[in-house]
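Student: This is the structure I want to talk about, given as structure tokens.
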Amino acid sequence: MKMINSIIKNNICILTIEREKALNAMNYETLHELNDALKTSIKDESIRAIIITGSGEKSFIAGADIKIMQNLDKTKAYEFSKLGQNLTNTIENSSKLVIAAVNGFALGGGCEISLACHLRFASENAKFSQPEVKLGLIPGWGGTQRLPKIVGKSFALEMILSGEMIDSKKALSLGLVNGIFSNETLLNEVLLYTDKILKNGPKALESSLLCIQKSINSQQEEGMETEAKLFAKSFQSKETNEGITAFIEKRTPKFD
Ligand code: CAA
């Protein structure tokens, strides 16, 4: 089944996650397809920028698919973390501008995918959170590394330790998003903004992305490895099992 819809408008590729019924939560297929679609667009000389968004009016990406996480052991959880990190690294290291048009929930892995994008624009109804602790987990797709760099250590700790959602206005005040548009106009406004950026020197744009990324990479690789190991380790604990089972059974988890 095709999980990613790709359309090109004026040299800009729009990649839409098509799992509206699950609020665009990312399962294996969706992760692989998005990574492949990104790599294809980055190689395609006719494409100059990429926008990632979610289908429907409610959600950008509601995180990793919790239903598949129920069956992960430590080894599989490490691989799952690396798969998501690999996708977010493809986005962050892209030589072409990648922008998130966050049209609703950006939770857990969904927030992490947006964090890897070079710029983020949100709809008025967008909501951001790293709710993993509510599942007895930690972010596993780069959130522990990228969030503090974007909003600072203090707000990153607040978001990751509380697991609470913030709205788009709060996200703007923290510098988590670059701008807010109405729900109806978000995608068009992001296309117009991207068009404006693409009028600048193409080589200068590419070099700017490369230089800024270079300033972060070496330190981040080590942090990503620690994140994947600790994410995986939690899958041996009763706490994670209780958190995930409680979500699936639609009840509040009981942590000791
Ligand atoms: N995984 C799997 N299914 C999900 C999902 C997810 N992350 N988020 C939502 N869904 C599914 C729901 O199970 C539901 O499916 P059914 O109709 O089959 O029951 C459907 O999408 C609609 O969701 P709700 O009925 O819950 O919709 P709502 O409007 O009442 O609530 C919500 C919306 C607040 C986003 C709620 O769905 C929610 O809390 N989702 C989980 C968000 C989350 O915890 N994300 C983090 C995942 S862990 C992670 O991402 C780890 C990492 O770093 C890699």
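Where a number appears in this text, it was derived from the coordinates with a stated rule and is not lab data. The model shown is predicted, which means the values in this text are computed figures rather than measured ones. FYI the Cβ positions are ideal-geometry reconstructions off the backbone, even for glycines, and counts take in every protein chain you see.
Student: What shape does segment 150-201 have by the C-alpha gyration tensor, where a ≥ b ≥ c are the square roots of the eigenvalues, rounded means a/c under 1.5, and otherwise prolate means a/b greater than b/c and oblate the rest?
Tutor: Values: a/c = 4.07, a/b = 1.90, b/c = 2.14.
Taking the square roots of the gyration eigenvalues as a ≥ b ≥ c, segment 150-201 is oblate.
Student: For the chain, set up a GNM with springs between Cα atoms under 10 Å and report which of Ser55, Ser218, Ser81 has the largest fluctuation.
Tutor: Taking springs between Cα atoms under 10 Å, the residue moving most is Ser218.
Student: What are the ³J(HN,Hα) values, in whole Hz, obtained from phi via the Karplus relation 6.51 cos²θ - 1.76 cosθ + 1.60 with θ = phi - 60°, for each residue of segment 172-181 in sequence order, with x given for Gly and Pro?
Tutor: 3J(HN,Hα) across segment 172-181, in whole Hz: 5, 5, 8, x, 6, 10, 8, x, 10, 10.
Student: Testing the spin-label approximation: label points 7 Å from Cα along Cα→Cβ at Gln219 and Lys67. State their distance in nm.
Tutor: The two pseudo-label positions are separated by 4.1 nm.
Student: Near the amide H of Phe60, under 5 Å away, which other amide H atoms are found, from residues 5 or more places off or on another chain, if H is placed in the peptide plane?
Tutor: Asn103, Gly104, Phe105, Ala106
Student: Classify the chain from the C-alpha gyration tensor, please: rounded if a/c falls under 1.5, else prolate or oblate depending on whether a/b exceeds b/c.
Tutor: Working: a/c = 1.61, a/b = 1.51, b/c = 1.07.
It is prolate, given that a/c is not under 1.5 and a/b is the larger ratio.
Student: Of Asn24, Asn86, Asn200, which has the largest mean-square fluctuation in a 10 Å C-alpha GNM of the chain?
Tutor: Comparing Asn24, Asn86, Asn200 in the GNM, the peak value goes to Asn200.
Student: Which distance in nm do the two modelled labels at His32 and Arg251 give, with both placed 7 Å along the Cα-to-Cβ direction?
Tutor: 3.5 nm
Student: On a 0 to 90° scale, report how tilted helix 28-43 is relative to the longest principal axis of the chain, with both axes built from alpha carbons and the result rounded to the nearest 10.
Tutor: On a 0 to 90 degree scale, this one is about 20.
Student: Place +1 on the Cβ of every Lys and Arg and -1 on the Cβ of every Asp and Glu in the chain, take the dipole about the Cα centre, and give the residue among Ile47, Ser129, Phe80 whose Cα lies farthest towards its positive end.
Tutor: In the chain, that residue is Ile47.
Student: Taking 2.2 N^0.38 Å as the expected size of a compact globular protein, what ratio does the Cα radius of gyration of segment 120-210 give against it, to two decimals?
Tutor: Values: Rg = 15.5 Å, N = 91, 2.2 N^0.38 = 12.2 Å.
In units of the globular-protein estimate, segment 120-210 measures up at 1.27.
Student: A follow-up question, please. In segment 190-256, what is the volume of the convex hull around the alpha carbon atoms, normalised per residue and reported in Å³? Could the numbers behind the result be given before it?
Tutor: On the way: hull volume 10.5 nm³, N = 67.
About 156 Å³ per residue, rounded to a whole number.
Student: With a 10 Å cut-off between alpha carbons and a GNM built on the chain, which of Cys211, Cys117, Cys13 moves the most?
Tutor: Result: Cys211 has the largest fluctuation of those listed.
Student: Can you figure out the FRET efficiency of Ile150 with Thr185, using R₀ = 30 Å and their beta-carbon distance, to the nearest 0.05? Please report the intermediate quantities before stating the final value.
Tutor: Values: r = 24 Å, r/R0 = 0.81.
Here the calculated transfer efficiency is 0.80.
Student: Ser162 versus Ile8, label points 7 Å from Cα toward the beta carbon: distance in nm?
Tutor: 4.4 nm
Student: Could you pull out which residues in segment 216-231 have an amide N less than 14 Å from a spot 7 Å beyond the Cα of Asn93, following the Cα-Cβ vector?
Tutor: 216-222, 224-225
Student: Can I ask one more? Is the shape of segment 21-133 best called rounded, prolate or oblate, per the rule: a/c under 1.5 gives rounded, else a/b larger than b/c gives prolate, else oblate, with a ≥ b ≥ c the square roots of the Cα gyration tensor eigenvalues?
Tutor: Working: a/c = 1.92, a/b = 1.20, b/c = 1.60.
Oblate is the answer for segment 21-133, as a/c is 1.5 or above yet b/c matches or exceeds a/b.
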